[in-house]
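All of the numbers you see were taken from the coordinates with simple rules; none came from a lab. Not measured: the values here are computed from a predicted model. Virtual Cβ from ideal backbone geometry, glycine too; neighbours counted across all protein chains shown.
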Amino acid sequence: MNIRKTHLLLATAVAGLFSLVACQSMEQGTGQKASATLDSRSGSQAKGEVNFTWQGHDVLINGKFSGLKPNSEQGFHVHEKGDCSAPDAMSAGGHFNPETKMHGVPDSGMNHAGDLPNIKSDVNGNAVYTAKLHGFAVNTGSTGIVGRSVVVHRDPDDYKSQPAGNSGPRIACGLIK
């Protein structure tokens, strides 16, 4: 191969690499926001508001909940479908899992994108929630949560039972928009 063809191949490879890096950097957030209002399901009194803010590779999640079982933990997940119409919220589908991973500890790299830390309620059944996670985006892309739902479960997620952490019935559900 002559030197001119070698330089052309090298230039093409470098251009391809820069294109790949540019595409990856587009999956960083610069303040995009989404929110969900959660309404009671399965005969519960649970309700809540959740906000998602994309910051670089991380998503900051802030929420406030009421009507939870006092002094307890509840499972909390992003679910694959943006449909909370069923009385038991089963219309929301399973956990959001674009990379087909096993259920697990949030942010472990070995978990569903929709696996979130448990909510911890106070003596009055209220909770303030904050988490910073990665593995999903605040958009409508393949790893995006916009248009999906967020669900509170009655019981704590054990982070090991498959496929959903043994967190019990869905007691609140809201569309992420």
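Tabulated results
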read-out	value
Selection from Asn111, Ile176, Ala131 lying farthest towards where the dipole of region 97-177 points positive, charges on Cβ	Ile176
Three-way shape label, region 29-175, alpha-carbon gyration tensor, a/c 1.5	rounded
Packing-based exposure ordering (other Cβ within 10 Å, fewest first) of Ile145, Ile176	Ile176, Ile145
Subset of Lys47/Lys69; Lys33/Lys81; Lys64/Lys101; Lys33/Lys64; Lys69/Lys177 violating a 23 Å alpha-carbon distance limit	Lys64/Lys101; Lys69/Lys177
